[in-house]
1. Consider B:I528 against the criteria (1) surrounded by 22 or more Cβ atoms within 10 Å (Cβ to Cβ); (2) within 30 Å of B:T447 (Cα to Cα); (3) touching a residue at least 40 places away in the same chain (Cβ under 8 Å): it satisfies all of them except one. Which criterion is unmet?
2. Identify the single condition in (1) modelled with pLDDT under 85; (2) part of a helix (DSSP H, G or I) that A:P46 does not satisfy, given that it satisfies every other one.
3. List the helices (runs of 4 or more DSSP H) inside region A:139-214, counting only whole elements, that have at least 3 residues being in contact with a Gly (Cβ under 8 Å, 6 or more places away or on another chain), closer than 18 Å to B:G237 by Cα and not charged (D, E, K, R).
4. Just one of the numbered conditions (1) over 30 Å from B:H356 (Cβ atoms); (2) over 35 Å from the mean Cα position of the chain (by Cα); (3) surrounded by 15 or more Cβ atoms within 10 Å (Cβ to Cβ) is not true of B:A432; which one?
5. Provide a single number: the residues in region B:307-347 that are aliphatic (A, V, I, L, M) and at pLDDT below 85.
6. Kindly evaluate A:R263 against the criterion of being in contact with a strand residue (DSSP E or B) (Cβ under 7 Å, 6 or more places away or on another chain), of a type in the set (D, E, K, R) and more than 14 Å from A:L106 (Cβ to Cβ).
7. For region B:47-54, does any single residue satisfy the condition of being of a type in the set (A, V, I, L, M, F, W, C) and modelled with pLDDT under 80?
8. Mind listing whichever residues of region B:316-333 are surrounded by 13 or more Cβ atoms within 10 Å (Cβ to Cβ) and part of a loop (DSSP other than H, G, I, E, B)?
Amino acid sequence: MKPQKNRPEFTPEELLTTMTGGAPIKPAPAPSSLPKLVEPVAKVPPRQADAAGDAVQAAAVYQGACEVVAWAYDACADGAPLDAVPLRAVVRELVDTLSVPNLRLLTLTALDDTENRANRHSVNVAVLAVAIGLRLELSRSSLSRLGVASLLHDTGKVDVPESVLRRSPPFGDAERELLVRHAHAGARRLLQGSDGSAEAMAAALVALEHHRHADGGGYPALEGAGPPVALSRIVSACDFYDSAVFHRSGQPHPFTAHSALERMAIRGGTAFDPVVLRTLIEVVGCYPPGSLVRLSDGYVAVVVSPGAQDPERPWVVPVAGAPRRIVPGEARDLACEAEQEIEVEAVLEPWSMGVDAQAVLRSWMGE
Amino acid sequence: LSPHGPAAPASAKGAGLADELVAECIAAWTRALRTYRELRTAHPLREGVCESLTTLLRDVLQTHGALHFQVTLDGLLREGRSLSLAGRTDHSLPALLHGAGIRELFIEPSPDRAEVDAMLDVLGKDRSAGLAQDLASALWEANLPHLRFVSVPPVQLIPTPRPPAHGLPMWPPCGVPVASRPRTRAPRPNDENEEADDWTVPNAMWIPPLTLPDCDRFDQVRLRVEVEEATQGDPFGGGLPLISHLIGAQADEEELGGSVSAVGTLITHLLDRGALREAHAVLASAQQALHMHPAVAGLPGASRDHLWGLLLDPQAVARGVRAWENHPEPDFKELQGLIDEIEEPSADALCEMLLHSGMVKLRRHACHRLIQVCATCPDRLRPWLQRTEWYVARNVAYVLANIPGNEAEEMLLQLVHHEDGRVRQECVAALAASSSVTAREAVIEMTEDAEPSLRLPALRALRNARDPILAGRLQDRAKDRSFGQLPVEERVALIGTIGAVGGPQAIPLLESLLCQPSPLDRRESDPISEAAAGALVALETPEAHRALQRAAKSWSRPVKSAAEKALRDHPVPPEPEAEG
C-alpha cells in the first residue's frame with residue numbers, strides 16, 4: 001500500500017522563488033562524501049515500509065511509552081518506589097517494533113510536540129538507544145537495561161524548578177548550577193525509588209553520567225572515574241541529538257537533524273564515542289527524518305524515514321519540484337531499483353525554506 | 001501468526017480430541033514446572049522431565065501445527081475453546097502466565113530440549129525473593145525462538161493506585177514557530193564565494209556533508225562486547241560504580257548526606273528482598289567511597305555516625321537476615337560477607353542480628369565481628385544494656401567480656417547487677433577473668449553480696465587461678481557459724497572454690513567438711529561431703545589424696561561414698577621430689 005499523499009501548503013513556484021529567485025536548478029557538484037557502510041543496517045530481508053498497520057502500531061507503542069514515562073517521573077517526584085515492570089514492558093515493545101523493522105517509530109522521534117516534550121524526549125532517546133542497541137546486536141537483557149536507562153535518564157529534572165526548565169538560554173550561574181545538579185538528583189532519586197534491580201541500577205548510573213563526555217569531560221566531574229560506561233555513552237549521544245534537534249541543548253537556535261549529527265561528528269572522539277556516533281548515524285540515516293533535501297532530479301523533499309538498507313537512501317516525500325514539474329506528493333524509497341540513479345544532493349534548512357517538515361511527517365504518520 | 005502456518009482446522013470431533021491432547025500437554029508442562037521449582041538445578045530428575053516434555057510438545061506440534069493460546073484468569077483458550085485442565089493440573093501455568101500480564105501464547109514447531117529447559121527454568125524460578133525479574137521480561141530476555149507471547153500494554157502494568165498527578169517539568173518551549181524564527185548561523189566556508197558558487201540553492205542554505213567518525217564494524221563489535229561484559233551476569237547491570245561516583249562527587253556535607261541516604265535506601269531495598277550479596281557489594285562500595293572522601297575524614301564522630309546511620313538501617317539488616325533464614329537454600333557465605341563488611345558506626349546492625357536470629361553459626365560470627373568493631377569503643381553497646389530481653393544483655397556481656405584490655409570493665413560492672421542470672425554469670429565470669437585488679441576485687445566482693453544469685457556465679461567465676469588470700473577469706477567464711485545456714489548450692493560452690501584457689505592449708509577444713517556426716521547417717525550421699533571430696537581432689541596434693549583415702553575407710557556411708565568416688569575419678573597425684 002502506498003503512503004498517504006501529501007499536499008504541501010505552498011506551490012512549487014512559491015517555494016522555488018524563495019529558494020532561488022527563479023533561477024533554474026542545476027546539478028550540484030558536491031555529492032555526499034559518506035563512505036559506504038560495511039554491512040546493511042538491518043539484517044532482516046527488506047520489508048515494505050508502508051505496511052498498513054505500521055504507523056498505527058508505532059504510534060500506539062510510542063504513546064504507551066510516553067504514558068509510562070509520565071508515570072515514572074511522577075513516581076520519582078513523589079518519592080514513591082519505582083516499579084521497573086512497566087518500563088521493561090515498554091522496552092520490550094520498542095525492541096519488538098524496531099526489530100520487525102517498523103521504522104515509523106524512528107519517524108515519530110522527529111515529530112515535535114511542545115505540550116508533551118519532556119516525556120517525548122525521554123521516549124525519543126529510548127527509541128534511538130534501543131535502535132543503536134539492535135544495530136550493535138546486543139542481547140535482550142542488555143537492551144532492556146539500555147532501554148530502561150534511556151527512559152529514565154532525565155529523572156533529575158523533577159528537582160529543577162519549572163521556571164528554570166521553561167527559561168531559554170543563556171542561564172545565570174545559579175540556574176546553570178541547578179541544571180547541572182539534575183544528573184546527581186536523578187541518580188539519587190532512582191536509587192531511592194529503585195527496587196534494586198539491574199535495570200534500576202544501570203538507569204541510576206546513566207542518569208548520573210549522561211552529560212559526561214566520552215573523554216571523561218562534561219559534567220558532573222567525577223574524580224578518579226574513568227570514561228563513562230558504554231550505556232551512558234550511548235544515551236549521551238542520543239540525548240544530545242534529540243535535544244539539539246528540538247532546541248533543548250541550550251543552544252540559541254535549533255539544529256536540523258543533519259546539522260546536529262554534523263556537530264556531533266565534529267566532536268566525535270571527545271564529547272561522543274565515535275563508534276556510538278557512527279551507529280547512531282547508521283540508525284537514523286545520514287538524512288534523518290524531518291530533513292529537507294534536494295534530490296538530483298530537481299525535487300526538494302522531506303525525509304520521512306531512514307532507509308532500511310542504506311542510510312544514504314531514505315524514504316522521502318517531495319514537496320517541491322523544478323519549474324513546470326508536477327510535485328507527486330507520494331513517498332519515494334530512494335533505495336528501490338527505480339530510484340537508484342537519484343542522489344541526495346544537498347540538505348536544506350526547512351525553516352529557511354518555509355517548509356513545514358512537521359506537517360509532512362504527520363501526514364506520513366497518518367495523523 | 002506463524003511462519004509454519006496456523007494450526008490445521010479440525011472437525012468438531014477432531015477438535016475435541018486435539019484439545020484433549022493439548023490439555024494433556026499443558027498438564028505435563030505444569031507438572032514439569034513443579035519439578036523445576038522443587039528440585040535443584042543439576043538434579044537428574046529435571047533432565048528426565050525436560051526430555052519427556054520436549055518429546056510430548058514435539059508430537060503435539062507435529063500433529064496439530066503451531067499452538068496458539070489465549071491466557072485468561074480461568075485457564076487457557078485454544079481457538080476460542082477452553083481447555084479442560086480440571087483434574088489434571090493445579091492450574092498453576094495459566095495463573096502464572098496471566099499474573100505476569102501475558103494474554104496470548106504462541107508455540108511454534110518444534111522447540112529443542114535446550115529451549116524447553118530454558119523455558120522451564122524461567123517459568124519455574126521463584127520470583128518472590130531476591131532480585132528476580134518479572135516473568136514476562138525474563139521470558140522475553142530468554143529469547144526463545146519457538147515461544148512468543150503477547151502481553152498487556154505497558155500502561156496497564158503501572159501499579160495502582162496511580163500516584164497523584166505531579167506537575168511534570170517541561171523543557172523550555174520553542175516559543176515562536178520554527179518557520180518564522182529569524183535565522184542566524186555561523187558563516188559557511190563558501191559564504192565569501194557565493195557569487196561564484198555553482199549551487200542552485202543559495203550558498204547560505206548549503207549544509208556540508210557529514211564527516212563520519214573513522215570506525216568500522218569491528219569497533220561496533222568491540223562496543224557490544226563492552227556492553228555485554230559490563231552487564232551480563234552482573235546483578236547491578238554494570239551500575240555498581242555509581243555508588244562511589246555518587247558519594248565521591250559530593251562536596252558539601254548536606255549533598256553528601258543526600259547521596260548516602262539514597263544509597264542507604266537502596267541497601268534497605270536489597271536487604272528487604274533478601275539479596276544479601278548485593279547489599280554487601282553496595283555497602284562495601286559506599287564505605288570505601290566514604291573513607292576516601294576528604295570531607296568525611298575531618299567530620300566529628302557524631303556526624304560520621306549520622307552518615308553511617310543513613311547508610312545502613314539496623315532494622316533493615318534484621319529483616320534481611322530473616323529473609324535470608326527463610327530462603328530454602330541459604331548461603332552462609334553471603335551473610336558472612338555482609339557481617340564482615342559492617343563497620344564500627346554500624347555496630348547496632350550487628351546487635352539487631354543477634355537479637356533476631358536464633359542460628360548459632362550466625363550469632364557466633366556476629367559476636368566475633370562485634371568484638372572487633374567495638375574493641376576501641378565499647379560504649380556503642382551501652383544503649384543495648386537498657387534492653388529488657390535477657391539474651392540481648394547476655395550477648396552484650398559476652399562481647400564486652402571478650403574485648404581485649406580493660407575498656408569494657410566499667411560497663412561489665414554495671415551489667416553485673418542485671419536481673420537475669422545468666423547475664424550476671426556472664427559478667428562475673430568476664431570480670432573474674434580480667435587482668436584488672438579492680439575487676440577481680442569487685443568479683444571477690446560479690447561473693448559476700450547480699451544477693452545470692454550474684455554470690456554463686458562470683459564464687460564459680462573465681463576458680464580460674466590459685467589465690468591464697470582469697471582462699472583464706474573463703475575458709476574463714478566456711479568456718480563461720482553462718483555457713484551452715486547458707487543454701488546447699490552456695491555451700492557447695494564455696495567449698496568448690498576453696499579447692500580451686502586454695503593450697504594445703506585448706507586440707508583440714510575440707511577433711512572436716514568431708515567427714516561431717518555421722519557414722520549412723522544412712523543416706524546414700526551428702527552434697528557437702530561430695531563437694532569437699534571434690535575440693536580435695538582439686539587441691540592436687542598428696543596430702544589431700546591421703547585425706548581422701550582416710551575418709552574412704554569411714555563408717556559413714558555418705559563420707560565413704562564421696563571419698564571413693566573422688567578417688568575413683570581422679571588419679572593419685574605424684575609425690576613431690578625430696579629437695580637435694
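1. Answer for B:I528: the failing condition is (1).
2. Looking at each condition in turn, A:P46 falls short on (2).
3. Values: elements: A:140-151, A:162-166, A:173-193, A:198-209.
Of the helices (runs of 4 or more DSSP H) lying wholly inside region A:139-214, those with at least 3 residues that are in contact with a Gly (Cβ under 8 Å, 6 or more places away or on another chain), closer than 18 Å to B:G237 by Cα and not charged (D, E, K, R) span A:140-151, A:173-193, A:198-209.
4. (2)
5. Here is the first cut: in region B:307-347, the residues aliphatic (A, V, I, L, M) are B:307, B:310-312, B:316-318, B:321, B:323, B:335, B:338-339, B:342, B:347.
If we keep only those that are at pLDDT below 85 too, we end up with B:323.
Qualifying residue count, region B:307-347: 1.
6. Working: in contact with a strand residue (DSSP E or B) (Cβ under 7 Å, 6 or more places away or on another chain): no; of a type in the set (D, E, K, R): yes; more than 14 Å from A:L106 (Cβ to Cβ): yes.
Considered against the rule, which asks whether it is in contact with a strand residue (DSSP E or B) (Cβ under 7 Å, 6 or more places away or on another chain), of a type in the set (D, E, K, R) and more than 14 Å from A:L106 (Cβ to Cβ), A:R263 comes out as no.
7. Keep residues of region B:47-54 that are of a type in the set (A, V, I, L, M, F, W, C), which gives B:49-50, B:53.
Pick out the ones that are also modelled with pLDDT under 80 and you get none.
Looking for residues that are of a type in the set (A, V, I, L, M, F, W, C) and modelled with pLDDT under 80, one finds none in region B:47-54, hence no.
8. Within region B:316-333, B:H327, B:P330 qualify.
The values are calculated or read from the model by the stated rules, or taken from the named source; none is laboratory data. Everything quoted here is computed from the prediction, not taken from an experiment. Every residue, glycine as well, gets a Cβ built from its backbone with ideal geometry; the counts of neighbours run over all protein chains shown.
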